[in-house]
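Engineer: Below is one structure. I have some questions about it.
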Amino acid sequence: MSKEQIKLRSMIITALFAAIIGVMAQLTIPLPLVPITGQTLAIGLAATILGARYGTLSVLLYIAIGSIGVPVFAEFSAGLSVLVGPTGGFLIGFIPATFIIGLFLEKLGFTFKNAIIANIIGMLITLAFGTVWLKIATDLSWVSALASGFTPFLVVGTIKAILASWIGIIVRKRLLSAKLLISNDIKQSA
């Protein structure tokens, strides 16, 4: 396969994951300030399957698409107003979370155990960004911000981290064996 074909395939997969994130964002359980969504599961899948570079690019593409007005954010919302609104910190937090999950796995190996650890770290990064942003955007106290943007998501976030790890490692192995995903990683799935 030529370099151009590999690059094209990587771009298509990146765009596909941006679309998956947008679709999963519509799976929501409404809460007063911040809904529970399928976005974080999709973010974990993107990072676990694609790694740091292409996982992060898929998140950046997703955020760019939503920012220009395509309704891909939770509850079919869109625009820069969402990014600067109360839940914008969670969206911005997806960027470092995805990069760190992917980097962790690239450095330590794409195993189920490593994926769980990486996805839990990613969840905590997303929640930290989101909670700080929520506090600033809504002028909440730290206790209220933690009670609204962090604590309610720990159990569900851990479940999603485990699911992203389990599904992500299985899908990654199958995509690699089918040669649909090209990996230059030194450490492969064990």
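Engineer: Per q in 0.08 Å⁻¹, report the Debye log10 I(q)/I(0) for the chain, using one uniform scatterer on each alpha carbon and no solvent.
Structural biologist: Listed by q, the Debye log ratios stand at -0.24.
Engineer: Can you find, among 87, 69, 41, the residue sitting farthest towards the positive end of the charge dipole of the chain, where Lys and Arg contribute +1 and Asp and Glu -1 at Cβ?
Structural biologist: The residue sitting farthest along the positive end of the dipole is 41.
Engineer: What do you get for the angle between helix 39-67 and the principal long axis of the chain? Use alpha-carbon atoms, 0 to 90 degrees, nearest ten.
Structural biologist: The answer is roughly 50 degrees.
Engineer: Sticking with this structure for a sec: Projected onto the charge dipole of the chain (+1 at Lys/Arg Cβ, -1 at Asp/Glu Cβ, origin at the Cα centre), which of 178, 120, 102 gives the Cα projection farthest towards the positive end?
Structural biologist: Result: 178.
Engineer: Separate question: Here is the link list: 7/160; 3/179; 7/173; 3/160. Which ones come out longer than 26 Å on Cα distance? Could you put the intermediate results ahead of the total?
Structural biologist: Values: 7/160 30 Å; 3/179 14 Å; 7/173 20 Å; 3/160 35 Å.
Pairs exceeding the cut-off: 7/160; 3/160.
Engineer: Another question about this same structure. If you take the charge dipole of the stretch 3-177 about its Cα centre, with +1 on Lys and Arg Cβ and -1 on Asp and Glu Cβ, which of 60, 28, 15 is farthest toward its positive end?
Structural biologist: 15
Engineer: What do you get for the angle between helix 154-177 and the principal long axis of the chain? Use alpha-carbon atoms, 0 to 90 degrees, nearest ten.
Structural biologist: 20
Engineer: Moving on to the next point. In degrees from 0 to 90, rounded to the nearest 10, what is the angle of the helix 112-138 Cα long axis to the longest principal axis of the chain?
Structural biologist: Once rounded, the angle reads 30 degrees.
Engineer: State to the nearest 20 debye the size of the charge dipole of the chain about its Cα centre, where the only charges are +1 on K and R beta carbons and -1 on D and E beta carbons.
Structural biologist: On the way: 13 positive and 5 negative charges, 151 e Å.
The dipole of the chain has a size of about 720 debye.
Engineer: Could you work out [θ]222 nm for the chain from helices alone, using -39500 (n - 2.57) per DSSP H run of at least four and dividing by all its residues? Round to the nearest 500 deg cm²/dmol. Don't jump to the answer; show the numbers that get you there.
Structural biologist: Working: 7 runs with 136 residues, N = 190.
The helix-only estimate for the chain comes to -24500 deg cm²/dmol at 222 nm.
Engineer: If we count other beta carbons within 10 Å of each Cβ, what is the order of 148, 58, 67, 77, fewest first? Intermediate values should be presented prior to the final figure.
Structural biologist: Numbers: 148 21, 58 28, 67 17, 77 14.
The fewest-first ordering by Cβ neighbours comes to 77, 67, 148, 58.
Engineer: Taking the Cβ of each residue in 132, 72 as the centre, tally the other Cβ atoms inside 10 Å and list the residues starting with the fewest.
Structural biologist: Details: 132 16, 72 23.
Arranged by neighbour count, lowest to highest, 132, 72 become 132, 72.
Engineer: While we're looking at this one, here's another question. Quick one: order 24, 1 by neighbouring beta-carbon count within 10 Å, fewest to most. Write down the numbers at each step before the final one.
Structural biologist: Details: 24 20, 1 9.
Arranged by neighbour count, lowest to highest, 24, 1 become 1, 24.
Engineer: Roughly speaking, what is the stretch gain from residue 70 to residue 174, that is 0.36 nm per residue apart minus the C-alpha to C-alpha distance, in nm to one decimal? Numbers along the way, then the final one.
Structural biologist: Working: separation 104, 0.36 × 104 = 37.44 nm, distance 3.16 nm.
The residue 70-residue 174 span can extend by a further 34.3 nm.
Engineer: Still on this model: What is the calculated FRET efficiency for residue 10 to residue 80, with r their C-beta to C-beta distance and R₀ = 30 Å, to the nearest 0.05? Display every interim value, and only then the final one.
Structural biologist: Values: r = 28 Å, r/R0 = 0.94.
Efficiency, rounded to the nearest 0.05: 0.60.
Quick note: the coordinates plus some simple rules give every number you see, no bench work behind them. Predicted model, so just to flag it, every value in this text is computed and none were measured. All Cβ positions, even for glycine, are placed from backbone atoms using ideal geometry, and neighbour counts span all protein chains on display.
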